[in-house]
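The values are calculated or read from the model by the stated rules, or taken from the named source; none is laboratory data. None of these values were measured; they are calculated from a predicted model. With ideal geometry, Cβ positions are generated from the backbone for all residues, glycine too; neighbour counts draw on all protein chains shown.
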Amino acid sequence: MKKKLALMLVAAMTMATVVGCGGGSEDAAPAAAETETEAPADTAAAETEAPADTEAEAPAADGELIRVGFAQVGHESDWRTAATQSAQTVFSAENGYELSFVDCDNDSAAQLDAVRNFIQQDMDYIIIDPIVSTGWDAVLTECEDAGIPVVVIDRTIDDSDKYVSWVGSDFKVEGLACGEWLAAYAKAKGISEINALVIEGSTGASATIGRTDGFKEIADREGWTILDSQDGDFTEAGGQEVMESYCQSYAGQFNVVICQNDNEAYGAMTAMDAAGVTYGVDGDVIIVSFDSNKPAVQLVLDGKLNATFECNPLAAPTVDEVIKQLAAGETPEKEIYMAEAWLASEDIVPSITVNGEEQPIIHVTEDVLANRAY
Ligand code: AHR
């Protein structure tokens with residue numbers, strides 16, 4: 001089985017066209033938590049391998065389950081929960097998969113271990129959502145040597161191209177969109193001065209790097225002041241802690257809070273409520289988030305969150321297509337971008353243009369909220 005897979009992987013890596021990428025848990029546990037959805041690891045490892053010189057069938061061509069190992073970032077946010085649930089649904093036994101899921105709890109060393117365990121277990125495919133964007137080449141080389149195709153999902157790997165496909169979001173575009181919306185919104189509202197506080201996601205994550213860089217590019221162009229930019233770890237507790245400290249250090253000095261995910265925004269709101277700072281459409285502070293989970297979109301509808309910039313967590317069905325292409329001997333795209341929407345509370349910025357592409361700003365209504373998938 002592995003020999004044919006190895007040949008397919010090499011072919012895919014050689015032929016794939018790079019189209020150009022624009023782009024914690026509160027109490028990190030030392031070891032990753034693994035959930036075997038089907039056979040335990042040692043049972044699976046006991047499977048008889050085809051001899052090296054035997055031309056074997058592609059996985060599942062003979063009705064066998066396709067064995068997939070998924071090294072997930074953790075469970076830090078609602079977005080992450082939606083992504084995990086989507087993967088567990090797509091890579092189910094009824095869909096022809098045997099999924100080994102590892103929650104790496106935002107621990108990079110545990111994530112590398114998880115991938116190496118998948119190699120030991122001779123998985124048919126490995127899916128990685130990289131906690132950080134660097135430090136990957138050695139382990140991806142090991143995957144390649146073992147003939148196991150790797151599909152990267154969500155965050156990017158920036159120091160190795162030894163994977164078949166990446167499926168995810170353009171985080172820099174998300175940050176640029178946030179900045180362009182804020183520029184247009186401030187103009188429409190007659191706000192001439194922006195003093196922003198940024199609550200970043202986890203340090204080293206490509207989602208953090210892209211959103212930070214994109215927003216900063218527009219801030220520099222517009223001459224805004226970014227008073228501070230600190231790591232909130234993509235968690236509600238992290239967002240609250242950073243905002244509590246901002247409320248003390250910058251009391252009365254800020255009129256914008258950029259939260260790099262929804263959960264951080266929930267925490268920031270708790271901190272601002274406690275400090276007596278008003279925010280949202282009727283408040284003194286403009287607050288925005290990334291992700292656009294349904295509870296955040298509800299807050300946009302309520303006018304508590306001015307805008308939210310979607311990061312689509314439902315990449316697993318596309319990864320399933322990539323795996324099916326590989327199994328059929330086809331070459332998937334090297335980089336596949338998720339479609340994403342920008343949503344706002346007020347209907348005063350109809351559209352924005354990012355990288356030359358105009359995209360509508362969706363005014364959130366009851367209907368928009370009802371139609372959100374997650
Ligand atoms: O990598 C995607 C980011 O990670 C999401 O914005 C965030 O919610 C998650 O934790």
(request) State which residue pairs qualify: first residue of a type in the set (Lys, Arg) and inside segment 58-73, second residue at pLDDT 95 or above in any location, beta carbons under 7 Å apart, and separation of 6 or more residues or different chains. (result) ARG67/GLU98; ARG67/MET123; ARG67/ASP124
(message) Looking at segment 96-120 only, could you name the residues that are assigned to a loop (DSSP other than H, G, I, E, B) and surrounded by 21 or more Cβ atoms within 10 Å (Cβ to Cβ)?
(response) CYS104, ASP105, ASN106, ASP107
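Table: residues versus (1) within 23 Å of SER108 (Cβ to Cβ); (2) acidic (Asp, Glu); (3) more than 14 Å from the ligand (Cβ to nearest atom).
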position: LEU176; (1), (2), (3): no, no, yes
position: GLY179; (1), (2), (3): no, no, yes
position: ALA184; (1), (2), (3): no, no, yes
position: LYS189; (1), (2), (3): no, no, yes
position: GLU193; (1), (2), (3): no, yes, yes
position: ALA196; (1), (2), (3): no, no, yes
position: GLU200; (1), (2), (3): yes, yes, no
position: THR203; (1), (2), (3): yes, no, no
position: ALA207; (1), (2), (3): yes, no, no
(request) Go through segment 66-89 and give me each residue that's surrounded by 20 or more Cβ atoms within 10 Å (Cβ to Cβ) and away from the ligand (no atom under 14 Å from the Cβ). (result) ILE66, ARG67, VAL68, GLY69, PHE70
(message) So the check is Cβ under 6 Å with 6+ separation or different chains; which pairs have a first residue in segment 81-105 that's within 14 Å of VAL68 (Cβ to Cβ) and a second one that's within 16 Å of the ligand (Cβ to nearest atom) and in a strand (DSSP E or B)?
(response) THR84/GLN72; ALA87/PHE70; PHE101/PHE70; VAL102/ALA71
(message) Which count do you get for residues in segment 150-174 that are more than 16 Å from the ligand (Cβ to nearest atom) and under 21 Å from ALA315 (Cβ atoms)?
(response) 7
(request) Determine, yes or no, whether GLY147 is surrounded by fewer than 20 Cβ atoms within 10 Å (Cβ to Cβ) and more than 16 Å from the ligand (Cβ to nearest atom). (result) yes
(message) Checking the structure you have, find out if any residue of segment 241-258 is under 19 Å from ASN106 (Cα atoms), assigned by TED's automatic domain parsing to the domain that holds PRO350 and within 14 Å of the ligand (Cβ to nearest atom).
(response) no
